[in-house]
Amino acid sequence: MAAYTTNHDPSVLSTHSWRRAQNSAPHLLPHLKPDMPIKILDIGCGPGSITVDFASLVPNGHVIGIEYVSSPLDEARSLAKARGVTNVEFRVGDIHALEFDNETFDVVHVHQVLQHIADPVRALSEMRRVTKKGGVVSARESDSFSWYPENPGIQSWLDLTTTMAKEKGGNPHPGKMIHAWAVQAGFQRVKIERSAGTWCFSTPEERQYWGESMARRMEGSGLAEGAVSGGFASKRELEAIARGWREWVGQDDGWFGVLHGQLLCWK
């Protein structure tokens, strides 16, 4: 039931590794205290950068990160070891059928996962099932993108990735509507806290990181392979998108913003 359009190529993991609890789960952080002996489940943990942050924030608790494939988990384990974090573990798992008992976790977290799966309501229902009474499900999904100056290559990137995600059965950029999915999954509307968060890339270093990683995705990731094999784009078109990203990187006035929808759903 996965609708993920790429894989865990180094160009993808480089962007995922940049994600930290502070820049990707700011709405949840006020509810995590060092003295809390809580259990946290981080779904779609990738290389573990957010997961290990959670474990550092609750040293008296325990954190489990799951990913639908094993390929990024060795990197996640290495990160935890390098940072001296021992209250965390990583497993393969399916968001649609979580292998945990009812009411196991105090916090269940997803970040940019619901947009990549075919049945986000079912996923949220599973997350609700494994959350303890009084616990919370946290979600954050992208909603819209904005950039300056105008760039046909970046526009082609957005059109291509959106089309591919829809064709695979995903729900691209659903930040504005994830609260509606939460209600359908059984959460009471009055117990859902909605908010918005952003990313912004504008300094030379930020543009280099973001733009170059996006360019490299067009040149060798699972996204590029799927685009060509599925007839969504030619190699020449992908090369043009990569050039567009690199042109943007070189723009002194370059700016790229991402708006996210955020949820805290209390059980």
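The values are calculated or read from the model by the stated rules, or taken from the named source; none is laboratory data. On a predicted model such as this, the values are computed, not experimentally measured, just so you know. Heads up, the Cβs are rebuilt from the backbone with ideal geometry, glycines too, and the neighbour counts pull from every protein chain shown. Accessible surface areas use protein heavy atoms only, side chains included; no ligands, DNA or RNA. Shrake-Rupley method; radii C 1.70, N 1.55, O 1.52, S 1.80 Å.
Numerical summary
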quantity	calculated
Long-range neighbours under 9 Å by Cβ, at least six apart or interchain, first residue of a type in the set (Asp, Glu) within the stretch 166-187, second open to solvent by 30 Å² or more (accessible area, probe 1.4 Å)	167/230; 167/232
Tabulated pairs, the stretch 24-37, first in contact (Cβ under 8 Å) with a residue 24 or more places away in the chain, second assigned to a loop (DSSP other than H, G, I, E, B) and open to solvent by 80 Å² or more (accessible area, probe 1.4 Å), C-beta under 9 angstrom, 6+ apart or interchain	34/60; 35/60; 36/60; 37/60
Flag for residue 68 being among the aromatic types (Phe, Trp, Tyr), under 20 Å from the mean Cα position of the chain (by Cα) and either open to solvent by 10 Å² or more (accessible area, probe 1.4 Å) or closer than 30 Å to residue 210 by Cβ (or both)	yes
Residue tally, condition touching a residue at least 60 places away in the same chain (Cβ under 8 Å) and either touching a helix residue (DSSP H, G or I) at 6+ places or on another chain (Cβ under 7 Å) or surrounded by fewer than 17 Cβ atoms within 10 Å (Cβ to Cβ) (or both), over the stretch 200-210	1
Enumeration of residues in the stretch 76-85 that are in contact (Cβ under 8 Å) with a residue 12 or more places away in the chain and open to solvent by 80 Å² or more (accessible area, probe 1.4 Å)	77, 83
Criterion (touching a Pro at 6+ places or on another chain (Cβ under 9 Å) and either β-branched (Val, Ile, Thr) or in contact (Cβ under 8 Å) with a residue 12 or more places away in the chain (or both)) met by exactly one of 146, 142	142
Test: residue in the stretch 144-153 that is in contact with a Gly (Cβ under 7 Å, 6 or more places away or on another chain) and polar (S, T, N, Q)	yes
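The rows are residues; the columns are (1) modelled with pLDDT under 95; (2) open to solvent by 10 Å² or more (accessible area, probe 1.4 Å); (3) over 22 Å from residue 141 (Cβ atoms); (4) part of a loop (DSSP other than H, G, I, E, B).
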| position | (1), (2), (3), (4) |
| --- | --- |
| 216 | yes, yes, yes, no |
| 231 | no, yes, yes, yes |
| 240 | no, yes, yes, no |
| 248 | no, no, yes, no |
| 253 | no, yes, yes, yes |
| 258 | no, no, no, no |
